[in-house]
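I have placed the structure first, in the form of structure tokens, so that the comments after it can refer back to it.
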Amino acid sequence: METVYFKGTACHTYGNLPEVGRKAPEFDLAGAGLAPVTSADFAGKRIVLNIFPSLDTEVCARSVRRFNEEAARLDDTVVVCVSMDLPFAMGRFCTAEGIKDLVVASAFRSPAFGQNYGVELVDGPLKGLLTRAVVIIDNDGTVRYRELVEEITTEPDYEAALRVLREGEK
């Protein structure tokens, strides 16, 4: 269990983020049109899991826009944006914003994702949603970077995540 904050109120997660250097848990989420989005779909690629509560907040929307601009341009890298939002809502957001270089994936029917990745909020105002986190999985399925954002209403450390991705391209 980890402690994060929502506007200063302590909230707790189910478990912990996967450790750097360990194999990432497999995932099976719902993508656009309810098509499955699984970790196996991206075998051999680096995966950036941009995890957040909901695209209905500006901070979450900014993280999607930023990763679309930055990380999605890197070779052999796919950005998967994960929340409990329905895939239809995520798809509408991306269409309205002109976002095409990432994958949206909903955990609405995959409670194991929030538990396996330690991002399900088990109490507080956002109970049942996912907290804000970034996990980078290397092309061999190993976690190379993890950030659990302490204050849910703030953005992740994009530069730290991008640095790990750029170092992996060398």
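The values are calculated or read from the model by the stated rules, or taken from the named source; none is laboratory data. Bear in mind the structure is a predicted one, so any value in this text is a computation, not a measurement. A quick note on method: Cβ atoms are made from the backbone with ideal geometry, for glycine too, and the neighbour counts reach across all protein chains shown. Keep in mind that these areas ignore ligands, DNA and RNA; they rest on the heavy atoms of the full protein, side chains included. Shrake-Rupley method; radii C 1.70, N 1.55, O 1.52, S 1.80 Å.
Worth a mention:
- The stretch 117-133 - phi-based ³J(HN,Hα) in whole Hz, Karplus 6.51/-1.76/1.60, Gly and Pro as x: 9, x, 10, 6, 7, 9, 7, x, x, 9, 3, x, 8, 9, 7, 7, 7
- Whole-percent carbon and sulfur share, accessible surface of the chain, 1.4 Å: 48
- Charge sum, other residues only, whose C-beta stays under 14 Å from Glu150's C-beta, Lys/Arg counted +1 and Asp/Glu -1: -2
- Among Ala61, Ala112, Ala96, residue whose mean-square fluctuation peaks in a GNM of the chain (springs only between Cα atoms under 10 Å): Ala96
- Comparing mean-square fluctuations of Gly31, Gly118, Gly21 from a GNM of the chain with C-alpha springs under 10 Å, the top value falls on Gly21.
- Among the lysines of the chain, pairs at least eight places apart or on separate chains and with Cα atoms under 18 Å apart come to 4.
- Net +/- balance of residues flanking Leu55 in space, Cβ distance below 11 Å, scoring K and R +1, D and E -1: -1
- P(r) tail for the stretch 112-170: Cα pairs beyond 13 Å make up 65% of the total.
- Amide H to amide H, with H built 1.01 Å from N, Val79 comes under 5 Å of Val48, Val103, counting only residues 5 or more places away or on other chains.
- For the stretch 102-170, the solvent-accessible area of protein heavy atoms averages 43 Å² per residue (probe radius 1.4 Å; ligands and nucleic acids excluded).
- Charge dipole of the chain (Cα centre as origin; +1 on each Lys and Arg Cβ, -1 on each Asp and Glu Cβ, all else neutral): 160 debye, rounded to the nearest 20.
- Here is how the number arises for the chain: DSSP H runs of 4 or more residues each give -39500 (n - 2.57), the sum is divided by the residue count, and the result at 222 nm is -7000 deg cm²/dmol.
- Cβ-defined net charge surrounding His12, 12 Å radius [Lys, Arg +1; Asp, Glu -1]: -2
- For the stretch 101-135 and the stretch 1-64, distance of Cα centres in Å: 5
- Farthest toward positive dipole pole in the stretch 92-170 [+1 Lys/Arg, -1 Asp/Glu at C-beta], among Thr95, Val122, Ile136: Thr95
- Structural descriptor for the stretch 26-119: relative contact order 34 percent, calculated from alpha carbon pairs under 8 angstrom and at least 6 residues apart.
- When the chain is treated as a GNM with alpha-carbon contacts under 10 Å, the residue of Arg144, Arg92, Arg65 showing the greatest mean-square fluctuation is Arg92.
- Debye equation applied to the C-alpha atoms of the stretch 1-154, log10 I(q)/I(0) at 0.08, 0.15 Å⁻¹: -0.19, -0.71
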